[in-house]
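Below: the structure, in structure tokens.
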Amino acid sequence: MNELSADDVASMTTPTWEQAKVAVRAGETERAVELIDRAVGQWRSLQDYSINWITSLLSFVGREIGEEAVERALRTTGEEFVRPRRDTGVDWGSLPASARAKVIARAMVANFGTCAVEEDAEKITLSFHCGTGGRLIDDGRYDGDGYLVLREPAPRTFMRDELPVYCAHCSVNNEMQPVEWGGTQTSVEFPAAGKGDVCVHHVYKDVDAIPADAYRRIGKEKP
């Protein structure tokens with residue numbers, strides 16, 4: 001006698017969001033909402049696994065080989081994955097600040113962050129309670145003998161004395177490499193410095209107005 005029914009097999013092999021679509025089409029609103037919430041919970045669990053996996057690996061690299069090796073590892077990811085992923089055929093800096101801000105905010109919110117938006121004549125400011133690196137800080141994953149905190153002031157740490165290792169992709173992949181590739185920073189980032197802090201992104205309306213200091217902190221000279 002089979003232990004799995006046809007319904008069991010269907011539920012095991014059909015993504016939860018597809019089950020939610022079926023419920024919506026059938027007018028089963030409560031069931032659809034339940035399935036959507038379940039899908040979100042599944043994604044959150046997988047996200048938690050992935051960010052801890054990444055941070056554990058980067059911590060091992062930094063402790064075994066050195067902080068410069070963390071940068072090299074991130075640069076490899078940047079060249080092999082990030083650069084082609086972001087190559088849309090349109091220069092990032094030529095897009096309106098509103099478009100750039102929307103792309104960044106939507107990605108961060110989809111990654112379980114929260115976002116506050118302010119705007120002045122010069123720039124759009126996005127303030128995030130980050131759902132990945134910030135959550136690791138808030139959850140105490142860097143406390144004591146936890147994950148690695150980079151402590152060598154360098155462009156990869158935004159010249160800070162301390163930067164949680166997960167957050168180094170922000171400097172390397174989002175600012176340093178885009179400039180080296182002939183473009184501009186994705187945004188000018190100020191990662192959270194402690195528990196409960198926000199990660200602030202400045203999205204300049206005119207990328208030529210990005211201050212020289214924003215380049216110097218990533219080891220570059222303003223063009």
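Here is a yes/no grid of residues against (1) surrounded by 10 or more Cβ atoms within 10 Å (Cβ to Cβ); (2) free of Cβ contacts under 8 Å to residues at least 60 places away in the same chain; (3) in contact with a Lys or Arg (Cβ under 6 Å, 6 or more places away or on another chain); (4) among the small types (G, A, S):
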position: D7; (1), (2), (3), (4): no, yes, no, no
position: S11; (1), (2), (3), (4): yes, yes, no, yes
position: V24; (1), (2), (3), (4): yes, yes, no, no
position: I65; (1), (2), (3), (4): yes, yes, no, no
position: R75; (1), (2), (3), (4): yes, no, no, no
position: E80; (1), (2), (3), (4): yes, yes, no, no
Out of E71, E79, E64, which single residue is among the acidic types (D, E), farther than 19 Å from V179 by Cα and either out of contact with any Asp or Glu (no Cβ under 7 Å at 6 or more places or on another chain) or modelled with pLDDT of 95 or more (or both)?
-> E64
Can you tell me which of S50, S45 is exposed (fewer than 11 other Cβ atoms within 10 Å of the Cβ), closer than 30 Å to A168 by Cα and polar (S, T, N, Q)?
-> S45
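Based on what the data block shows, is F158 in contact (Cβ under 8 Å) with a residue 40 or more places away in the chain and touching a strand residue (DSSP E or B) at 6+ places or on another chain (Cβ under 7 Å)? Talk me through it step by step, then tell me what you get.
On the way: in contact (Cβ under 8 Å) with a residue 40 or more places away in the chain: yes; touching a strand residue (DSSP E or B) at 6+ places or on another chain (Cβ under 7 Å): no.
Criteria not met by F158.
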When you look at I104, is it surrounded by 13 or more Cβ atoms within 10 Å (Cβ to Cβ), at pLDDT 95 or above and either among the acidic types (D, E) or in a strand (DSSP E or B) (or both), yes or no?
-> no
Can you pull out the residues in region 108-124 that are part of a strand (DSSP E or B), surrounded by fewer than 17 Cβ atoms within 10 Å (Cβ to Cβ) and either within 17 Å of the chain's Cα centre (by Cα) or not hydrophobic (A, V, I, L, M, F, W, C) (or both)?
-> T114, A116, E118, E119
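For region 215-222, indicate whether the set of residues that are among the basic types (K, R) and buried (at least 16 other Cβ atoms within 10 Å of the Cβ) is non-empty.
If we filter region 215-222 for residues that are among the basic types (K, R), which is where we start, we get 216-217, 220, 222.
Applying the additional criterion that residues be buried (at least 16 other Cβ atoms within 10 Å of the Cβ) yields 217, 220.
Yes, that holds for at least one residue.
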Extreme residue, farthest from W92 (Cα to Cα), among residues of region 149-199 that are aromatic (F, W, Y) and more than 12 Å from the chain's Cα centre (by Cα) | F158
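The values are calculated or read from the model by the stated rules, or taken from the named source; none is laboratory data. None of the values given here were measured: they were computed from a predicted structure. We place every Cβ from the backbone using ideal geometry, glycine too, and count neighbours over all the protein chains shown.
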